[in-house]
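These notes concern the structure reproduced below.
The values are calculated or read from the model by the stated rules, or taken from the named source; none is laboratory data. What you see is a predicted model, and the numbers here were worked out from it, not measured in a lab. Glycine also receives a Cβ, built like all others from the backbone with ideal geometry; neighbour counts cover every protein chain displayed. Side chains included, ligands, DNA and RNA excluded: accessible areas come from the protein's heavy atoms. Shrake-Rupley method; radii C 1.70, N 1.55, O 1.52, S 1.80 Å.
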Amino acid sequence: MDFFILMLAIPLVSGALLTVVGERAWAPNLNIIASLGTFAAAAGLTIEIVANGPRFAFGEQFFIDSLNVFFVALTAFVGLTTSIFSGPYMKNEREHGRLTAPRLRLYKGMYQLFMFTMLAALTTNNLGILWVAMEAATLTTVLLVSLYRTPASLEAAWKYFILCGVGIAQALFGTILLYFAAERVLGASGNALLWTHLIDVKGQLEPTIMALSFIFLLVGYGTKVGLAPLHNWLPDAHAEGPTPVSAVLSGLLLNVALYAILRCKVLADGAIPNAFAGNLMIGFGLFTLLVAAFFLSRQKDVKRMFAYSSIEHMGLITFAFGMGGPVANFAGLLHMTMHSLTKSAIFFAVGHATQKTGTQLMADIRGLIRINPLIGWGLMLGTLAILGMPPFGVFASEFMILTHAMKYHPWATPILLLGLGVAFAAIFGKVQPMVFGETEARRLPHAPAITPVFLHLGIVLTLGLYIPPYLTRWFHEASRMLG
Amino acid sequence: MNAAIPFSAQLINLFAAVILLLAFAMLAQRRVLALINLFALQGLTLCLATLVAAVTTGQVHLYYSAGLTLALKVLLLPWILYRLVKRLNVKGEVEALINIPTTMLVGLVLVMIAFNVALPISELSHTITRGTLGIALAVVMLAFLMMITRQKAITQVVGFLSMENGLFLAATSATYGMPMVVELGIALDVLVGVIILGVFFFQIRDQFDSLDIRHMERLKDN
C-alpha cells in the first residue's frame, strides 16, 4: 500500500467513522490510533522521499518533495501528540460539565478532517486545490472554535470565519490572476495551475500580473498566518476554543498557510525582478513582529498571550523567508519546526493548568509548581524555550535569523531586537508568578497527559544542542527548493 | 472603436454591468428577504454571462460552470438562506453602520479604484470578456464594503457570497474560468460553508437571542 494514499485516507476515513459512531468509551483511543496511523504513514513517506527524491501521486495532482514532506512530517507528529493530550483533557472537560457527548463527537470527527485538509493542502501540486484545501481547513475548525458555545466563543468563531473568509477570498483572486498569467504561457489546460509546470516557466510569467497576484496571495493567506494588520481573529480563536484546538491552530495551521505563501513566492521570485516578493514579506514580517510584541504586554488571558506570541513568531519567520537565500530559508524552516513543537507543548501545559485552576486569567493562576510540578516545569521550560533561551532550539534559529539580518539587512536588526526584547519582558514577567507562588487548586478526575509536553520540549532541546547530519541535509534540501 | 466589439462581447459587458448594478442595489437594500432576491438575481445574471461566453467560445467547461452557478447560486443557496431567515425569524430592516447615501458614495470611489487596478491586466488579456475584469473587481470590493457596514450576521454572509460572485466573474472574464476540478472544489467549499453557517446561526441565536453582531464586540485587548 502506498504511504501517501494511506496518509490521506486514514484521517478522512477515521473522521467519518468518529462522526458516525459518536462518543463511545473507545472513541478517544480511536482518535489516537488514527493519528498514530497517519504519523506512521507520513514517516514512511518521508523516508521514501528522502531516499528516492520527489514523486507525484494521482497523475500530477499531488507532488511531494523534500520541502513539503518536511511540513507533512511535522503536521502528522504534532497531530499525534495533540490527540494524546486531548484524551484526558477532553474527559476532564466533560466531567467539569463544559462539554457534552455530541460535542465531543463533533470535536473528534472535525479534528481528523482538519488533519486531512491540512495534509491535502501540503501535498497538492495544484494551486487551485491548495486554495480549496485551505478554505476547507477553516471550515472544519469554525465549529471547533465555538465548541463551548459560550458568547465569547461564538464571537471568536464568527470573527474567525468572516475574517479568514474575506482573507481567503483575496487569495482566490490572487490564484485567478496567477492562472491568468500562467495560461498565457502554458495554455488553457488543467495543467496551468500545477506548481511543477509553473516552476519550469516562471521566468516567462508576466511580471505585472504576477506582482498583483502575489500581493493578493500574501494578504489572503497572510490573514491565516496571522500577519498584522489582519491578525485580529487569531487571539480570539486561540483563547476561546478548546486547548487542543489552540495547539493545532498555532502549531500547524499557521505553518500550512505560510507554506502556501512560500510556494507562491518561489514563482513570484522567478517572474518579478528586484526581490519584490521578498521585500514585501520582510515588511509584513517586521510589522507583525512589532505589533504582536507590544500587544503581548497588555494581555490578561494566558491563552491569548501565547496566541500573540504565535503572531510574533510568524512575523519573525515571514521576515526570515523574505530575506531568502539558503541560510535564511534554513533558519526559517528550523524556526517553524521549533515554534510548532514548543508552542504546542506550551498550550498542552497551559491547558492542564487552566483546567486545574478553572480560569484562564493569569492573575488567578498561581503556584503551578506546587499543584503539579510537572505542569509547572513544563510551562516554565516551554516559556524559556519560546523566548529563545539557549540551549533550546529556538535560540539557534533566532540566532541564525539575527546574524543573517545583521549581514544583509542591518537596518532591520534594531527592530528585531526591540520586538524580541519587549516580548521577552512581557511573557517572562507574567509566567514567572504563575509557576511560582502560593495556591489552592482542585484535583483533576483524569490524570493529565504530561508526556507530549516533555516529548516536544525534549526534541526542541536536543535540536538546540545537536542537529543530526541527516536532518541538516534534509533541511538544506528543503531550503534549496525555496531558491 | 465600438464597431470592433462583437455582439457577444457587448452582451457579456451588458450582463457584467447588470451584475455591478445589482451589487449597488444590494448595498442600498434594507430588507433581508429582498437582499436574498437580489443575490439570486445576481447569480442568474452571472450564469447568463457565463453561458454567452460558453456559446461564443465553444469552451465546454464553461457550460458546466454556468450550470454549477445556476444550481448553486440561483437555486440552492438562496433557498437555504430563505429557510434560515424564516426559521430564525429574522425580520425588519437591516441596520447599517453608515447611512446608505454615504455608503453609495464610498462604493463609487471603490469602483473607480477597481477599474484603475484592473486596467493593466485587462490590456494583457486576449479573451472577449476582458473588459469585465474591472467590473468583477468592483463587485468584489462592493461586497466587501457591504460586509463591513452591515450588522446582521445574515447580511454579512450574503455579502460574502456576493464577493464570491465577483471572483467568479473575474475568473470567467480574465481566463474563461478556472480548471474544472478547482471550480468544483470552490463550489463544494461555498456550499459546506453556508451549511456550517446555518448551524452556526442557530448557536448564535440561542446564545444572544438575536443575529445582530453588535452583541459580539466583547472580545477586545485591554
Got at least one residue in the stretch A:234-248 being within 13 Å of A:Leu267 (Cβ to Cβ), away from chain B (no Cβ under 13 Å) and crowded, with 24+ Cβ neighbours inside 10 Å? no
What pairs come up if the first residue lies in the stretch B:114-126 and is facing chain A (nearest Cβ under 7 Å) and closer than 17 Å to A:Ile215 by Cα, the second is small (Gly, Ala, Ser) and open to solvent by less than 20 Å² (accessible area, probe 1.4 Å), and their beta carbons are under 9 Å apart, counting only those six or more places apart or on different chains? B:Ile121/B:Gly134; B:Ile121/B:Ala174
(1) open to solvent by 30 Å² or more (accessible area, probe 1.4 Å); (2) among the aliphatic types (A, V, I, L, M); (3) free of Cβ contacts under 8 Å to residues at least 40 places away in the same chain: which one isn't true of B:Ala54, the others all being true? (1)
Sole miss for A:Leu172 among (1) open to solvent by 10 Å² or more (accessible area, probe 1.4 Å); (2) under 22 Å from the mean Cα position of the chain (by Cα); (3) facing another protein chain (nearest Cβ under 9 Å) is condition (1)
Any idea which of B:Leu38, B:Leu84 is out of contact with any His (no Cβ under 6 Å at 6 or more places or on another chain), over 19 Å from B:Gly134 (Cα atoms), at pLDDT below 90 and open to solvent by less than 60 Å² (accessible area, probe 1.4 Å)? B:Leu84
May I ask you to list the residues in the stretch A:95-130 that are more than 14 Å from every other protein chain (Cβ to nearest Cβ) and touching a His at 6+ places or on another chain (Cβ under 9 Å)? A:Glu95
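Would you check if there is a residue in the stretch B:199-214 being in contact with a strand residue (DSSP E or B) (Cβ under 8 Å, 6 or more places away or on another chain), modelled with pLDDT under 85 and crowded, with 20+ Cβ neighbours inside 10 Å?
At the first step, the residues of the stretch B:199-214 found to be in contact with a strand residue (DSSP E or B) (Cβ under 8 Å, 6 or more places away or on another chain) are B:211-213.
In the following step, the residues that additionally are modelled with pLDDT under 85 were identified as B:211-213.
Keeping just the survivors that are crowded, with 20+ Cβ neighbours inside 10 Å gives B:211, B:213.
Yes, some residue in the stretch B:199-214 is in contact with a strand residue (DSSP E or B) (Cβ under 8 Å, 6 or more places away or on another chain), modelled with pLDDT under 85 and crowded, with 20+ Cβ neighbours inside 10 Å.
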Members of the stretch A:176-194 found to be buried (at least 19 other Cβ atoms within 10 Å of the Cβ) and more than 8 Å from chain B (Cβ to nearest Cβ), listed by number: A:Leu178, A:Ala181, A:Ala182, A:Leu186, A:Leu194
Select from the stretch B:1-35 the residues that are open to solvent by less than 70 Å² (accessible area, probe 1.4 Å), assigned to a helix (DSSP H, G or I) and of a type outside the set (A, V, I, L, M) and list them in ascending order. B:Ser8, B:Asn13, B:Phe15, B:Phe24
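Just the residues that are at pLDDT below 90 and open to solvent by less than 10 Å² (accessible area, probe 1.4 Å), please, taken from the stretch A:132-145. Before the answer, list the steps.
Within the stretch A:132-145, the first condition is being at pLDDT below 90, and the residues that meet it are A:143.
Hits for the stretch A:132-145: nothing passes.
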Out of the residues in the stretch A:132-145 that are facing chain B (nearest Cβ under 7 Å) and not small (Gly, Ala, Ser), state the one that is farthest from A:Glu240 (Cα to Cα). A:Val132
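From the residues in the stretch A:21-46 that are at pLDDT 90 or above and open to solvent by 50 Å² or more (accessible area, probe 1.4 Å), which one is farthest from A:Thr243 (Cα to Cα)? Can you show your working first?
First pass over the stretch A:21-46, keeping only residues at pLDDT 90 or above: A:30-46.
Restricting the remaining residues to those that are open to solvent by 50 Å² or more (accessible area, probe 1.4 Å) gives A:33, A:36, A:39-40.
Values: A:Ile33: 20, A:Leu36: 20, A:Phe39: 21, A:Ala40: 25 Å.
So the residue we want is A:Ala40.
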Within the stretch A:16-38, residues being within 18 Å of A:Phe85 (Cα to Cα) and part of a helix (DSSP H, G or I) number 13
Keeping to the stretch A:185-209, report how many residues are assigned to a helix (DSSP H, G or I) and under 25 Å from B:Met141 (Cβ atoms). 4
From B:Val106, B:Val90, residue being at pLDDT 85 or above, in contact with a Leu (Cβ under 7 Å, 6 or more places away or on another chain) and open to solvent by less than 70 Å² (accessible area, probe 1.4 Å): B:Val106
All positions within the stretch A:348-400 that are in contact with a Ser or Thr (Cβ under 7 Å, 6 or more places away or on another chain) and free of Cβ contacts under 8 Å to residues at least 12 places away in the same chain: A:Asp364
Subset of the stretch A:43-61, residues hydrophobic (A, V, I, L, M, F, W, C) and touching a residue at least 60 places away in the same chain (Cβ under 8 Å), comes to A:Val50, A:Phe56, A:Ala57
Among the residues of the stretch A:316-327, which ones are touching a Phe, Trp or Tyr at 6+ places or on another chain (Cβ under 7 Å) and either free of Cβ contacts under 8 Å to residues at least 60 places away in the same chain or open to solvent by less than 10 Å² (accessible area, probe 1.4 Å) (or both)? A:Thr318
Yes/no for A:Leu74 being within 11 Å of chain B (Cβ to nearest Cβ) and part of a helix (DSSP H, G or I): no
Restricting to the stretch B:173-207, and then to whatever is more than 16 Å from A:Leu130 (Cβ to Cβ) and not in a helix (DSSP H, G or I), can you tell me which residue is farthest from the other protein chains (Cβ to nearest Cβ)? B:Gly177
Please tell me if B:Val85 is under 30 Å from B:Asp206 (Cα atoms), part of a helix (DSSP H, G or I) and of a type outside the set (S, T, N, Q). yes
If you scan the stretch A:146-156, which residues turn out to be part of a helix (DSSP H, G or I), open to solvent by less than 10 Å² (accessible area, probe 1.4 Å) and either within 7 Å of another protein chain (Cβ to nearest Cβ) or not small (Gly, Ala, Ser) (or both)? A:Leu154, A:Glu155, A:Ala156
Residue check, B:Met180 against (1) in contact (Cβ under 8 Å) with a residue 24 or more places away in the chain; (2) more than 16 Å from B:Leu72 (Cα to Cα), all met but one. Which one? (2)
Lone unmet requirement of (1) modelled with pLDDT under 95; (2) under 21 Å from A:Phe276 (Cα atoms) for A:Thr318: (1)
